[in-house]
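Okay, so here's the structure we're looking at.
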Amino acid sequence: MSVLYRTVDQVAVITLDLAPVNSLGLALRKAIRDAYESATADENIKAIVINSSQKVFCAGADITEFGTEQSFADPSLPSLCDLIEASAKPVVAAINGMALGGGLELALAADYRVAKTGAKLGLPEVNLGIIPGAGGTQRLPRLANVNVALDMITSGVPINTDKAVEAGLLDKVYGVETDEEFETVAIEYASTLADLNAPVLSCENLEVAADSYSDDTFSAYKAKIAKKTAGYYAPNRCVDSVEAATQLPLKEGLQREAEIFQDCADTPQARAQQHLFFAERAAGVIPGVDRKVPLRDIKKVAVIGAGTMGGGIAMNFANAGIPVTLLEIKKEFLDNGLAKVRQNYEISAKRGRLTEAQVEERMALFTGTTSYADLADVDLVIEAVFENLDVKKEVFTELDKVCKPGCILASNTSTLDVNEIAEATSRPEDVLGLHFFSPANVMKLLEVIRADKTADDALMTTLKLAKTIKKVPVVVGVCYGFVGNRMVAPYSREAFRVILEGATPEQSDLALTNFGMAMGAVSMGDMAGIDIGCMAAEANRETWEDDKTYQALQFNLKDLGRLGQKTGRGVYIYEGRDKHNDPEVLELAKAIATENNIEQRDVSEQEIVDRAILMLANEGAKILDEGIAYRSGDIDLVYIYGYGFPAYRGGPMQYADELGLDEVVKRLKHYQQSLGEYGERWFKPAPLLERLAAEGKPFKDFQKM
Ligand code: 3HC
Ligand code: NAI
């Protein structure tokens, strides 16, 4: 049974009991309705308490039911909320933990709400590409006000009990220790309400506070959130639905909400965002690895190299309260690295994100050294020295000598073979890759590279640690560039190659930013440094095949000293934060095109998007087929959290699934033919892609192991 039902002193207690999060699937909805009907039918019952036996009160609708008949089956969530609201006996929702989405909507339909300290109330539906669909947009503005409703519903961020009391959403908050004590006080509260003949309440009799909005409130709110929500469909629809609460009686407002909910639920965006919700959770499941393997203790960390990456990597640990030792070759480099860390914290303090005391607390967790002997007692080392295999091997040989048994040895390499690095030690089972993204203290993605001999417990320990430092970890296998950088190579190639074919750099970037990418590939190249791209190309000439025409553009720019933003000129000319196309680069592109018999022409925005984005999916297909990534969702997470791919498109693999893999194959074949020799070389659909397309299956259903 998914509900426990008992009576205590004439109070019916309906306890949601569906592990792990009481998601409101059909079985739980039916069980709640049946228990509720028993309580209302029983003359001895004077009040009803709805509470939870789980850590959370309720996580809302069962997202796995979306798009199936079950989600509408009787009782639907909206009708269950209506039923509870119509109760003639007082209903108290006793919120012990998170009340999210439909879980909060259920509570809003009750007459009274009490919470345990630490509980949180939220309507995160917008993160799933939908709006609250069980009365949230109608009851919340009535019980609180328009502003609270707009903020909670469009941001999806839950509020704590203090805020909820202030907003009028909670009647009482109990500072009790246990859920048992909380249940006891909630029952007493319900009993007292009944004894005092406290009124049963219905939002039907409530109007939204007239002083909480005016004629332009809703359009002004849309303008306010426009930048943050650019490209997303659901946020504005949330605003529309809350506006309906100010214009329509409850029943009609609920009807309007249902229409808007359905309108959002039917979009590719909703499917994309829900795909990401499950992808994030699935990423913690590693084929062949026991999820419950005992983990290693990570109490002290060391980072080797205090350059661009090392300092940022170390900050993640200090931010989580974990002491971190930074090792450099020279005292001078160490001092510079630590000064940079301090500068970053000071900037945060200036922006009000940290207090001066917190800056000092964090700096106090840093120890600097130039001696490997100081790493004898650390539990994890992350190497972030130059991208050179010999240098890295030397570092790992040293680490092998000084680090204690069981210490996890990780490399932040972007492209090198982690198996080879592991072989420089006598303990390859303790070696793996932890590939942070720049700036390492900001970017959420962490590629965890599982080498051939990496021990399961070392791997799972880093996954847990990643959560502690607030990263999204994705486990990948060893290959050139792993998942992210390997895929970005053909993507960038296309974004640059179209410049040789006649597009301007701005057109190339704009096509991709209009698609939703945070930045175009050309600007990304200028930001990372044209010389860095050239260096990587040279270092990997033997492992990674690339196109000479696009590389000619890069190498020519480098030879001209146009290294990107850092030199004020790269593909673009930079004036402060502004950038412009440079006729000199267009001429250079033309000259390379002539030399290579590339005809210059108008390249459409659609073509640029197709070529760059479908290349991501095509390379992703090879990666999946090789078992470098376990699931297409893992690849999508890499792109969402590491490369600025728009979450509302769900990642490159989800984008391809949504397009239909047969359509993807069709478009790739079109370019394979239309781009002549170049097309023949680069646009052949990956075998897995062709196979799945022929079988009518999406990437999502493919699992190699
Ligand atoms: N539906 C289905 N499954 C859900 C779920 C939901 N609403 N919420 C969580 N789960 C599943 C997870 O997929 C996971 O499954 P797994 O173990 O098989 O991977 C399991 O429950 C545990 O979830 P977490 O790993 O996320 O557990 P945490 O303890 O870290 O977090 C939580 C708990 C904060 C409740 C988090 O799960 C969460 O944010 N859930 C989603 C909340 C949400 O978005 N609710 C809105 C739903 S839409 C809705 O209500 C529509 C309505 O308006 C009509
Ligand atoms: P960097 O050149 O800024 O810093 C490297 C630092 O390592 C220097 O300060 C150097 O003095 C130090 N160092 C070199 N040899 C050392 C040794 N034997 N012992 C101790 N310190 C030593 O380089 P960056 O950009 O920080 O890159 C470091 C690693 O991170 C590379 O493997 C790189 O591929 C990877 N990476 C870089 C990213 C970036 O955007 N810069 C992104 C992700 C990974």
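The values are calculated or read from the model by the stated rules, or taken from the named source; none is laboratory data. Since this is a predicted model, take the numbers as computed values, not measurements. Every residue, glycine as well, gets a Cβ built from its backbone with ideal geometry; the counts of neighbours run over all protein chains shown.
Scan the range 548-568 residue by residue and report those that are touching an Asp or Glu at 6+ places or on another chain (Cβ under 9 Å) and part of a loop (DSSP other than H, G, I, E, B).
L560, R562, L563, G568
Is it true that some residue in the range 215-225 is over 18 Å from E257 (Cβ atoms) and at pLDDT below 95?
Yes.
Can you tell me which residue is farthest from the chain's Cα centre (by Cα) among those in the range 229-257 that are over 14 Å from G129 (Cα atoms) and of a type in the set (V, I, T)?
Out of the qualifying residues, it is T246.
Output the number of residues of the range 146-205 satisfying the condition of being over 20 Å from N127 (Cβ atoms), of a type in the set (A, V, I, L, M, F, W, C) and in a helix (DSSP H, G or I).
Number of matching residues: 10.
As an exercise: evaluate L196 against (1) in contact with a helix residue (DSSP H, G or I) (Cβ under 8 Å, 6 or more places away or on another chain); (2) exposed (fewer than 15 other Cβ atoms within 10 Å of the Cβ) and give the number of the one condition it does not meet.
Single failed check for L196: (1).
Which members of the range 552-562 meet the condition of being more than 33 Å from the chain's Cα centre (by Cα) and either closer than 16 Å to R497 by Cβ or surrounded by fewer than 17 Cβ atoms within 10 Å (Cβ to Cβ) (or both)? Write out each step before concluding.
First, pick out the residues of the range 552-562 that are more than 33 Å from the chain's Cα centre (by Cα): 552-553, 555-562.
Selection gives A552, L553, F555, N556, L557, D559, L560, G561.
Tally up the residues in the range 658-691 that are closer than 20 Å to D636 by Cα and either in contact with a strand residue (DSSP E or B) (Cβ under 6 Å, 6 or more places away or on another chain) or in contact (Cβ under 8 Å) with a residue 60 or more places away in the chain (or both), please.
Summing the residues that are closer than 20 Å to D636 by Cα and either in contact with a strand residue (DSSP E or B) (Cβ under 6 Å, 6 or more places away or on another chain) or in contact (Cβ under 8 Å) with a residue 60 or more places away in the chain (or both) in the range 658-691 gives 6.
Would you please list the contacts, defined by Cβ atoms under 8 Å and residues six or more apart or on different chains, that run from a residue in the range 407-420 that is more than 11 Å from L380 (Cα to Cα) to a residue that is among the charged types (D, E, K, R) and part of a loop (DSSP other than H, G, I, E, B)?
T413/E387; S414/E387; T415/E387; L416/E387; N419/D452; N419/K453
Looking at the range 338-360, which of its residues are more than 29 Å from the chain's Cα centre (by Cα) and surrounded by 11 or more Cβ atoms within 10 Å (Cβ to Cβ)? Before the answer, list the steps.
Initially, the range 338-360 is screened for residues more than 29 Å from the chain's Cα centre (by Cα), giving 338-339, 356-357, 360.
L338, A339, E360, listed by residue number.
Test of understanding: among A440, A455, A424, A410, which residue is over 25 Å from the mean Cα position of the chain (by Cα), within 16 Å of ligand 2 (Cβ to nearest atom) and either crowded, with 20+ Cβ neighbours inside 10 Å or closer than 23 Å to K292 by Cβ (or both)?
After ruling out the rest, the residue left standing is A424.
Which pairs turn up if I take residues in the range 318-333 that are without any contact (Cβ under 8 Å) to a residue 40 or more places away in the chain and assigned by TED's automatic domain parsing to the domain that holds E360 and look for partners that are surrounded by 12 or more Cβ atoms within 10 Å (Cβ to Cβ) and not charged (D, E, K, R) with beta carbon separation below 8 Å, at least 6 apart in sequence or on another chain?
Pairs that qualify, where the first residue is without any contact (Cβ under 8 Å) to a residue 40 or more places away in the chain and assigned by TED's automatic domain parsing to the domain that holds E360 and the partner is surrounded by 12 or more Cβ atoms within 10 Å (Cβ to Cβ) and not charged (D, E, K, R), are K331/T370; F333/A306; F333/G307.
From G321, G311, G305, grab the single residue that is over 17 Å from L399 (Cβ atoms) and within 11 Å of ligand 2 (Cβ to nearest atom).
From the options G321, G311, G305, the qualifying one is G311.
Filter the range 493-529 down to the residues that are crowded, with 21+ Cβ neighbours inside 10 Å and without any contact (Cβ under 8 Å) to a residue 40 or more places away in the chain, then identify the one that is farthest from D636 (Cα to Cα).
Out of the qualifying residues, it is D509.
May I ask you to verify whether L389 is under 30 Å from G644 (Cβ atoms), surrounded by fewer than 19 Cβ atoms within 10 Å (Cβ to Cβ), of a type in the set (A, V, I, L, M) and in contact with a helix residue (DSSP H, G or I) (Cβ under 7 Å, 6 or more places away or on another chain)?
yes
Name the residue, out of I260, I304, I322, that is of a type in the set (A, V, I, L, M), closer than 21 Å to V126 by Cα and more than 19 Å from the chain's Cα centre (by Cα).
On the way: I304 fails: closer than 21 Å to V126 by Cα; I322 fails: closer than 21 Å to V126 by Cα.
Result: I260 is the single residue among I260, I304, I322 that is of a type in the set (A, V, I, L, M), closer than 21 Å to V126 by Cα and more than 19 Å from the chain's Cα centre (by Cα).
Going by the conditions given, is G352 away from ligand 1 (no atom under 16 Å from the Cβ), small (G, A, S) and over 22 Å from I382 (Cβ atoms)? Walk me through it before giving the result.
Details: away from ligand 1 (no atom under 16 Å from the Cβ): yes; small (G, A, S): yes; over 22 Å from I382 (Cβ atoms): yes.
So G352 passes the test.
Got a sec? Which of T117, T154, T161, T178 is more than 16 Å from L16 (Cβ to Cβ) and in contact (Cβ under 8 Å) with a residue 60 or more places away in the chain?
Selected residue: T154, the only one of T117, T154, T161, T178 that is more than 16 Å from L16 (Cβ to Cβ) and in contact (Cβ under 8 Å) with a residue 60 or more places away in the chain.
Here's the yes/no breakdown for (1) under 37 Å from the mean Cα position of the chain (by Cα); (2) within 16 Å of P505 (Cα to Cα); (3) among the hydroxyl-bearing types (S, T, Y); (4) surrounded by 12 or more Cβ atoms within 10 Å (Cβ to Cβ):
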position	(1), (2), (3), (4)
N540	yes, no, no, yes
G564	yes, yes, no, yes
T567	yes, no, yes, yes
H580	yes, yes, no, no
L586	no, yes, no, yes
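Checking V474 against (1) β-branched (V, I, T); (2) surrounded by 20 or more Cβ atoms within 10 Å (Cβ to Cβ); (3) over 24 Å from K299 (Cα atoms), only one condition comes out false. Which one?
Only one criterion in (1) β-branched (V, I, T); (2) surrounded by 20 or more Cβ atoms within 10 Å (Cβ to Cβ); (3) over 24 Å from K299 (Cα atoms) is unmet by V474, namely (3).
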